[in-house]
1. Do any residues in the range 59-79 that are closer than 14 Å to residue 27 by Cα and among the hydrophobic types (A, V, I, L, M, F, W, C) have Cβ atoms under 8 Å from those of residues that are at pLDDT 90 or above and surrounded by 14 or more Cβ atoms within 10 Å (Cβ to Cβ), where the two are at least six apart or on different chains, and which pairs are they?
2. Evaluate the range 102-111: report whether one residue or more is at pLDDT 85 or above and either under 13 Å from residue 22 (Cβ atoms) or assigned to a helix (DSSP H, G or I) (or both).
3. Among the listed residues 94, 44, 35, 54, identify the single one that is surrounded by 14 or more Cβ atoms within 10 Å (Cβ to Cβ) and either basic (Lys, Arg) or part of a loop (DSSP other than H, G, I, E, B) (or both).
Amino acid sequence: MDPDSDFEIECTYDDVLRKIGRNLLLFQQAELQLRSLTILQPRRPTEKDAAELREALVLVVEERSHLVHDSLSELMPDTLENYRSLARNLDRQREKILPSIKRLLGGGMTVSNS
């Protein structure tokens with residue numbers, strides 16, 4: 001490989017690692033918010049609110065499991081196209097889970113746009 005390709009692979013790999021961290025942080029924020037909801041909830045949620053939260057939680061749990069158990073295995077083999085594909089998948093995952101996480105956060109925490 002030429003040096004430019006090695007550099008591009010390294011930069012793309014670093015970008016993938018940043019996106020993995022970003023998505024994991026989103027999941028952690030949602031989990032913390034859920035814990036505070038169950039501890040500090042001043043009133044019982046309506047059936048509709050409970051159903052929406054449950055739906056959001058299911059999506060977050062499924063996507064977090066996919067990230068941790070499936071996506072990380074995509075880091076091998078270490079090819080540029082493999083890293084680019086994983087970066088696109090991580091971006092898609094973020095866009096998919098962001099509405100659910102924002103619903104779970106309920107405005108109490110901010111979600112980074114990066």
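The values are calculated or read from the model by the stated rules, or taken from the named source; none is laboratory data. Here the structure is a predicted model, which is why all the values come from computation and not from measurement. Here the Cβ positions follow ideal geometry from the backbone for every residue, glycine too, while neighbour counts run over all protein chains shown.
1. 67/20; 67/23; 67/90; 67/93
2. No: the range 102-111 contains no residue that is at pLDDT 85 or above and either under 13 Å from residue 22 (Cβ atoms) or assigned to a helix (DSSP H, G or I) (or both).
3. Unique residue meeting the criteria: 94.
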